[in-house]
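Here is the structure we will look at, set down as structure tokens.
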Amino acid sequence: MAKVILTPKKVPELMLEAPCITTDAFAKKTPAQIADLEVREGKIPFKLGEYFEIVGNPGESAAETEIEIAGDCSRVKYIGTKMTAGLITVKGNADMYTGGWMKGGKIHIVGDVHSFCGIAMEGGDILVDGNAQNHVGCAYRGDWRGMRGGTIRIRGSAGNDIGTFMLGGTIIIEKEVFIHVSTHAEGGTVIIKGNVTGRVGGQMVKGDIYVLGKIQHILPGFTKVDQVRKEVDGQTFTLDHYIGDLGERHPKSKGKEIFANLYVRAAA
């Protein structure tokens, strides 16, 4: 896989919008052409090369291209937006909308990621070694189409509004989550290995949530139906099985209502 290395050389005064940092946009270009791609600081257009040193050459396609950002991108938005293939590695933090509307490939954030990671994602994989803020895998504000495919794994904790309007795909949070998980969801799977404060599955119609820690407050729209043994991310657990949100209208299959599933690790 051909590799392009971006090294930050200038910290933007405002947040830098850089949706051009994708394998699709880099493929087939020379370093000079990549440096000439447009970014925006506030409303003002600049060139990517004004903010990053660029070395190496991309492949002939997105699938043959790897991008490594050798430094912190805490003030760089839209990394990996709409990418379809290839690999992006950020050796530091990343700002909002990382992997937004992503269709394929892999993004690896070695540090933390800001809000809206994987927004409206359709495919591919996002791995964050640190923490995520809010709205992981959610819908764009005012839209009802959240994450539809792919996998997002956060090895740390996450904030609120995880998987809002989720339709498919998988979100794995390996530590704690605050509130609002899979609100309005109509599909997909969310796995939380730590504790959750509450508001899990509110107005959820379909899909699965697994909480391997504790939920401080389970919503009254979920009722326990049984206890099951299931494999979750490679390990098997005994789980209390709830269905809901009972306050919502649910689709039917062969005359039987379909509910969302909430699985919570059973007390020892």
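The values are calculated or read from the model by the stated rules, or taken from the named source; none is laboratory data. The structure presented is a predicted model; accordingly, all values stated were derived computationally and were not measured. Glycine also receives a Cβ, built like all others from the backbone with ideal geometry; neighbour counts cover every protein chain displayed.
Computed values, structure above
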{"read-out": "Condition broken by Ile88, with the remaining ones in (1) over 24 Å from Gly150 (Cα atoms); (2) touching a residue at least 60 places away in the same chain (Cβ under 8 Å); (3) of a type in the set (A, V, I, L, M, F, W, C) satisfied", "value": "(1)"}
{"read-out": "Residue among Gly92, Gly137, Gly104, Gly156 that is surrounded by 24 or more Cβ atoms within 10 Å (Cβ to Cβ) and in a loop (DSSP other than H, G, I, E, B)", "value": "Gly137"}
{"read-out": "Region 136-175: number of residues that are of a type in the set (Phe, Trp, Tyr) and either in contact with a Gly (Cβ under 7 Å, 6 or more places away or on another chain) or outside the structural domain of Gly194 (by TED's automatic domain parsing) (or both)", "value": "1"}
{"read-out": "Region 93-107, residues that are over 18 Å from Met147 (Cβ atoms) and not polar (S, T, N, Q)", "value": "Asp95"}
{"read-out": "Every residue from region 196-213 that is more than 24 Å from Pro251 (Cα to Cα) and of a type in the set (A, V, I, L, M)", "value": "Val196, Val211, Leu212"}
{"read-out": "Where a residue in region 3-25 is crowded, with 20+ Cβ neighbours inside 10 Å and its partner, wherever it lies, is modelled with pLDDT of 95 or more and of a type in the set (Ser, Thr, Tyr), with Cβ under 6 Å and at least six apart", "value": "Glu17/Tyr78; Ala18/Tyr78; Pro19/Tyr78; Pro19/Thr81; Thr23/Thr65; Asp24/Thr84"}
{"read-out": "Residues that are in a loop (DSSP other than H, G, I, E, B), of a type in the set (A, V, I, L, M, F, W, C) and either modelled with pLDDT under 95 or over 16 Å from Val11 (Cα atoms) (or both), drawn from region 35-78", "value": "Leu37"}
